[in-house]
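First the structure, in the form of structure tokens, and then the observations on it.
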Amino acid sequence: MKVLHITWNAFGRDDIQAEFDRRKYEVEQYNLERKEDHFSNQRREQEMIEMMSKTKYDFVFSLNYFPIVAIACSVCKVPYAAWVYDSPLVALWHCSVVSPYNYIFLFDKADYRELKEKGINTVYYLPLAANVERYDSYKMDEEIEEAYSTSISFIGSTYTENQFNDYRRLNALGRFEKGYVDGLIQAQKRIYGNLMLEEMLTPELEEKLQGIYHMIRREDAAFGHGRYYGQVVLPRCITAMERQEILELLSRKYKCHLYTRKKTPAMPYIINRGMAGNRKESIYIFRCSKINLNITLRSIRTGIPLRIFEIMGSGGFLLTNYQEDMFDCFEPGVDFAYYDSYDDLLEKVEYYLEHDEERQQIARNGYEKVKKYHTYRHRLDTILNIMNLE
């Protein structure tokens, strides 16, 4: 099997490549830079067309979907498998998604349903995965246990970095509009499983938000201002608030380790250990934490974030916010635990910290289920089956 692997600085890139290598596929890599134009880039399109003209690839693969790759594959009539792990991904609203050579695999079932209902027949639902074999290769010792042991840990951005701090920019709104947006944010914070922000934005408010954020609308992509503010900007504001509030709440009572990029002076009780240094360190963190928190980015409407598969595939105990797609793959109270409010979160944390054997059994159950059904090997089998390339 010959594969053209479109690479970029993506989570999971090395794990999917390892699966290609395990199968002894002939893989050629072509690297894209994250910040360049992936919608219209003739130089890149031509380079890929030339590669596909010289070599007969069975398929082209990328993590996330790139219109320029789809265009090149369409020209050369080569199947293109794109496995998406961002939500929302603006590129999915590009006109190229309808190419008959596309096989676009979406981890968020809400995104999949929405596109299917619009008549897009090139999309498929496919959850993300874990490289359990890699995780199992990382051996533990007493020094590692001592370094990473804690009651609760969370790995991820607090979205307070300047490039993500969208909430402060809302102060440019008038008093009424700011109050209305704040009301939407507070209401959405209390609702899990349904992202309602987009439908609550009026055309007048969208226009005022556009004056602040200056989203550039593309003629070749049906991703409008309302969708951008309702599914990207405001959910990120909510996630920043939610993560800070939860971590501050828990750290006042329990030993909480936070692994993130920036300092967190607004959370004086949290133990901020900086960024998790590498892929191996995160696995040690998951194993040594009694409770691994997952606080999903609110723009992910129903999907299972990659972090959840990593936690469970490492043998860590998972406590996550409610995410609808979890129930497709796992059983609550058996493989993982979830919360649907701050009060519920506090109750679950107290309960599982007091019930060690039950917590450890749930972690073992989750690990075994991920190992049995949710590895990169399983997912690539599904992809190839759908593409009729087995």
| task | Determine, from the Cβ-Cβ distance of Ala187 and Cys95 and an R0 of 30 Å, the FRET efficiency 1/(1 + (r/R0)^6), rounded to the nearest 0.05. | result | 0.30
| task | Using R₀ = 35 Å, calculate the FRET efficiency as 1/(1 + (r/R₀)^6) where r is the Cβ-Cβ separation of Arg217 and Lys280; round to 0.05. | result | 0.25
| query | Kirkwood hydrodynamic radius of the stretch 298-356 from all distinct Cα pairs, in Å? | reply | 12.1
| Top mean-square fluctuation among Glu324, Glu50, Glu146, Gaussian network model of the chain, C-alpha springs under 10 Å? | Glu146
| query | Taking the alpha carbon gyration tensor of the chain, what are the square roots of 5 times its eigenvalues, largest first, to the nearest whole Å? | reply | 34, 29, 18
| query | So, by mean Cβ neighbours within 10 angstrom, what's the order for 16-24, 104-112, 122-130 with the highest one leading? | reply | 104-112, 122-130, 16-24
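Read-outs throughout are calculated quantities, based only on the coordinates presented, and are distinct from any laboratory measurement. Note that this is a predicted model, so its numbers are computed, not measured. Cβ: placed from backbone, ideal geometry, glycine included. Neighbour counts: every protein chain shown.
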